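We did not get these values from a lab; they are worked out from the coordinates using the rules stated. What you see is a predicted model; the values in this text were computed from it and never measured. Note that each Cβ is placed from the backbone with ideal geometry, even for glycine, and that neighbours are counted across all protein chains shown.
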Amino acid sequence: MRIAFMSDIHGNILALEAAYRSIKQKGAEKIYCAGDLVSFGPRPAEVVDFFINHDIETVLGNHDATIIGKENIDSYIFKNDEERSYITDSIQRTSKDLTQSHFDYLNALPEKIEASDRSLLLVHSVPDMCSYPDEKIISEYMKDSKYRFLFFGHSHTPRLYAMDNKKIAVSIPSIGKPKHGDPFAGYCIVEIENEHLYDLQFTFCEYDIDVVCREITQRGFPQQTLKFLKYN
C-alpha cells in the first residue's frame, strides 16, 4: 500500500493544498497526519475544514491539544521567554479564528493511530507530544515496542532512523512551518506491504509563500513565523 504522511500544517492552507495535490498525483491510497493542524499560520479554520472535508485521519498535536485545553503550555520546551511569548500569542490568535465545530473536531482527535495491520504507529512525538526526541530516545522507545514502524512529527524536519532490531522510525517534515532548510511544504510517502517497507520518499512542494506571509501580517498573527517561510 502506498501511504502518505504529513504533519505540522500550522494553519497554512496554501501549503496543505499544494501537498495534497502532489500526494494525489503520486497515487497514495491513504493519507495520515501527525497533528498540529493549527497555530502560527493565518487560516487555521480553513485547514481544519480541509481535513474534515477530505476525511484525512490525523492525531492530536501539542498545539491542537493546547488550544482545546488538553495540554498546558508549561509542558512546551522553550528556548527563551521571547519564544514563549511568540507561541502563546499564536495560540491565542488562532483560538479566536476557530468556531465551536472546529474545537469539537480537534477535541475528538486521538493521540495515536495504528495502521498497516497494527505494525505501524503514528503519533505527534515520543515519548510525549511535546518532546523533541534524539536517536537514543527513539531507539529506547522502539526497543520494547510491538510496532515495526514509527512515524511522528513535531520536529518539522525529515529524518529516517533504522534500528538494529530492523525497526524503522521516520520524522515527518512540516507542511506549513518548515525547519528543513527551505520554505516548501514537506511530506513523506512510503510503500508498505506485509510489514515490509519497500520505498520511502521525502517530497517538497512549492506554493505561493508570499501570499501566506502577507496574510500572516494582515490577519494579525505573530510576525516571527515569517522567518521560517522566508529564510531561503
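Here, the chain has an Rg and a Dmax of 16.6, 50 Å when only alpha carbons are counted. For Cα pairs less than 8 Å apart in space and 6+ apart in sequence, what is the mean separation divided by the residue count of the chain, i.e. the relative contact order in percent? With pairs under 8 Å counted, the relative contact order is 25 percent. Cβ crowding within 10 Å ranks 128, 55, 8 as 55, 128, 8, fewest other Cβ atoms first. If the elastic network links every pair of Cα atoms under 10 Å, which of 169, 108, 34 fluctuates the most in the Gaussian network model of the chain? Highest fluctuation of the listed residues: 108. Restricting attention to region 142-232, close to 75% of DSSP beta bridges with both partner residues there are antiparallel.
Overall shape: oblate for region 28-149, with the ratio a/c of the largest to smallest alpha carbon gyration tensor axis at 1.5 or above and b/c at least equal to a/b. Computed from the Cβ-Cβ distance with R0 of 30 Å, the FRET efficiency linking residue 73 to residue 101 stands at 0.80.
Its relative contact order, with pairs defined as Cα atoms under 8 Å and 6+ residues apart, puts region 160-217 at 22 percent.
Farthest towards the positive end of the charge dipole of the chain, among the residues 99, 168, 124, is the Cα of 168, using unit charges on the Cβ of Lys, Arg, Asp and Glu. Subtracting the Cα-Cα distance of residue 26 and residue 202 from their residue separation scaled by 0.36 nm leaves 62.1 nm. Look at where the Cα atoms of region 28-78 and of region 189-232 average out, and the two centres are 14 Å apart. By the count of neighbouring beta-carbon atoms within 10 Å, fewest first, 160, 122 end up ordered 160, 122. GNM remark for the chain: springs join alpha carbons under 10 Å apart, and the peak mean-square fluctuation among 211, 170, 126 falls on 211.
Going by neighbour counts of Cβ atoms within 10 Å, the residues 154, 124, 180, 54 line up, fewest first, as 54, 180, 154, 124. DSSP loop (so not H, G, I, E, B), at most 13 other Cβ within 10 Å: list which trypsin sites (Lys or Arg not before Pro) in region 1-96 pass both filters. Sites meeting the loop and neighbour criteria: 26, 79.
Straight-distance candidates among the lysines for linking to residue 96, with alpha-carbon spacing under 28 Å and chain neighbours fewer than 8 residues away dropped: 70, 79, 112, 177, 179, 227, 230.
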